[in-house]
Each structure stands twice: as structure tokens, then as C-alpha cells.
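A.B. asks: Take a look at the following structure, please.
What follows draws every value from the coordinates through simple rules; no lab data is involved. Since the structure is predicted, the reported quantities are computational estimates derived from the model, not experimental observations. Methodologically, a virtual Cβ is constructed for each residue, glycine included, from the backbone with ideal geometry; neighbour enumeration extends over all protein chains shown.
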Amino acid sequence: MTSSDLSDRLDYIARDNPRAARGVVDRLERTVGRLAQFPKSGRRPRDPRLDRLAYRVLVVDDDLVFYGIRRRTVQVRRVIHGARRFDFLV
């Protein structure tokens, strides 16, 4: 997971509820960890540019995990809140 995305997300949540922040991290780690066995479990993005770049999107609660598959390796590129615009972020 990209550390700055995750760190920013945690800091924002932890301001109001540190326990909830830890829960978000646990769910993200657990779900993203499954990509090792099921790399195509995320959907192809609707955005044509991201689709051409072979990105996949995994929805984890309110977050979007953007990743690519290179050979047999999953590369998490970004983790952002689903309400954010992402076209300029990825």
C-alpha cells in the first residue's frame, strides 16, 4: 500500500476516532492481502485512461484501492477515499 495515502487517510480518521482508524487499516490490509491469491478480484475501472493503463480497482468500505498486475505481482498504486476525484491522482 502506498504509505503516504494510507498515512493521510489514517491521520484524518484518527483525529476523531483512533479506534476506527485502526479498523480501516485492518480491513484494507486484510482485503488487499487477498489480492495475492485473487489478483483479478478488483474490477476494471470505468475511466478509459485507467483501463488502458491496465489498472484495477478494489472497493474496501469507503476506500478505493487502485492497483496493477505485472506478471504475477500485484502493485498497489493508490488508496483514496471513494468520495474524492481520482482522475488526477492516479
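A.B. asks: Got a sec? Charge dipole of the chain, +1 on Cβ for Lys and Arg, -1 for Asp and Glu; which of Ser41, Thr31, Pro18 is way out at the positive end?
C.D. replies: Most positive-ward Cα: Ser41.
A.B. asks: May I pose another question? Taking amide H atoms as placed 1.01 Å from N in the peptide plane, list the residues 5 or more away in sequence, or in a different chain, whose amide H sits under 5 Å from that of Asp63.
C.D. replies: Gly82
A.B. asks: Using only the alpha carbon atoms of segment 1-42, find the Kirkwood hydrodynamic radius as the inverse mean reciprocal pair distance, in angstroms to one decimal.
C.D. replies: Working: mean 1/r = 0.0908 Å⁻¹.
Final number for the Kirkwood radius of segment 1-42 is 11.0 Å.
A.B. asks: Once you list every other residue whose beta carbon is under 14 Å from the beta carbon of Leu10, what net charge do they have if Lys and Arg are +1 and Asp and Glu are -1?
C.D. replies: Working: positive: Arg9, Arg15, Arg19, Arg22, Arg27; negative: Asp5, Asp8, Asp11, Asp16, Asp26, Glu29, Asp61, Asp62, Asp63.
Cβ neighbours under 14 Å give a net charge of -4.
A.B. asks: Please compute the net charge surrounding Arg77, taking Lys and Arg as +1 and Asp and Glu as -1 over other residues with Cβ under 12 Å from its Cβ.
C.D. replies: Details: positive: Arg56, Arg70, Arg78; negative: Asp5.
After counting each charged neighbour, the total is +2.
A.B. asks: Rounded to two decimals, what is the ratio between the C-alpha radius of gyration of the chain and 2.2 N^0.38 Å? Write out the running numbers ahead of the final one.
C.D. replies: Working: Rg = 13.0 Å, N = 90, 2.2 N^0.38 = 12.2 Å.
It is 1.07.
A.B. asks: How much net charge surrounds Thr31 when only the other residues with a Cβ under 12 Å from the Cβ of Thr31 are counted, with Lys and Arg +1 and Asp and Glu -1? Please report the intermediate quantities before stating the final value.
C.D. replies: Values: positive: Arg27, Arg30, Arg34; negative: Asp26, Glu29, Asp61, Asp63.
So the environment of Thr31 carries a net charge of -1.
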